[in-house]
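For reference, the structure is listed below as structure tokens.
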Amino acid sequence: MSDLVTGDAVVLGLRPARLPSRGLAILLDLAVYVTGYVLISVGLTMATASLDDAAQAAVAVASFLLFLVGVPIAVETLSHGRSLGKLACGLRVVRDDGGPIRFRHALVRGALGVVELILTFGSIACIASLASARGRRLGDVFAGTLVVRERVPGTRVMPVPPPPPWLAGRFTGLDLSAVPDGLWLAIRQYLTRMNQLDPQVGAAMAVRLADDLVARTGAPPPAGVPAAAFLMAVVHERQSRDAARAFRPSAVGPGSGFAPAPVPGPVPVPVVAPVPYVAPAPVAPAAPAEAPRAGGFAPPA
């Protein structure tokens, strides 16, 4: 599914962060790192006062590389792109395909960040971010990463369009257990926004998604069914199965936490004294009833 995350997919699923929010996140991170660097530098200066000038310079360079280069790299690697400043601003660093970053991505971003952010006071990063269509600095370009917004305004969830009537119930026997959640998400995003895409791009994405779905289910592709209609029918079938599973009455088991209802015992029947038989009084014959008139409604049984 990584090859499906193209420029159109990035627009659908990810929102790149812009310069103001990225600048605020970087300032928060730098404030924390510089504060820690100053405190440690003061402690190291007092501890290495008895050493010569060369040793003190080596300790100063090592502390600089550790706190202003090594610590940001470690934080981004361990937090998967969520540093303190980015967490406060609702941002995150991801790969170009939308996946979490690793050590090599954080290493390239941190190494180039020394030049872009510290030595040039952020001027190179600002120029590169303004010139980039997705707001990327040079570290993101060389590392293959992108800073995106995690907290976005809530939007109305668009329902999946229903399949054509002639496809209803056609895929009831299809095995959907091997289809991953990522593929379902991609299909749902396409179906809810396919009217916003270019017709040629949308048709190509539908064919690729349908091929992936057929490969996961192991069933041959249906003949004469368009790719978009096939995706609608399969998603509708999955939703029907989920609804049936959710509202299916579950049996009460020993570990369910509910006690079974007690079985009522035999109810005693009271003994009633026999009543003497009394012959009924003779009844006069009733007049013959009038035949019902013919109408448009049948009489009740």
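Annotations
- Within the assembled protein chains, the solvent-accessible surface assigned to Ser41 is about 30 Å², based on a 1.4 Å probe.
- Taking amide H as placed 1.01 Å from N in the peptide plane, Arg92 has its amide H under 5 Å from the amide H of Val148, Glu150, each at least 5 places away in sequence or on another chain.
- With a 1.4 Å probe rolled over the protein heavy atoms of all chains, the accessible area of Tyr33, Tyr190 falls in the order Tyr33, Tyr190, largest first.
- Relative contact order [Cα under 8 Å, 6+ residues apart], segment 72-205, whole percent: 20
- Segment 49-141: relative contact order as a whole-number percent, Cα under 8 Å and 6+ apart: 20
- Difference of contour (0.36 nm per residue) and Cα-Cα distance, Val201 to Ala54: 46.7 nm
- Two-decimal ratio, segment 40-168, of alpha-carbon radius of gyration to 2.2 N^0.38 Å: 1.53
- In order along segment 207-219, the Karplus-derived 3J(HN,Hα) couplings, from 6.51 cos²θ - 1.76 cosθ + 1.60 at θ = phi - 60°, round to 5, 5, 5, 5, 4, 5, 5, 5, 5, 6, 7, x, 9 Hz, and Gly and Pro are given as x.
- The modelled label-to-label distance for the pair Ala243/Val141, using points 7 Å beyond Cα in the direction of Cβ, is 5.1 nm.
The values are calculated or read from the model by the stated rules, or taken from the named source; none is laboratory data. Because the structure is a prediction, the values reported are computed rather than measured. Cβ coordinates were reconstructed from backbone atoms using ideal geometry, including for glycine residues, and neighbour counts include every protein chain displayed. Protein only, heavy atoms only, side chains kept; ligands, DNA and RNA dropped before computing areas. Shrake-Rupley method; radii C 1.70, N 1.55, O 1.52, S 1.80 Å.
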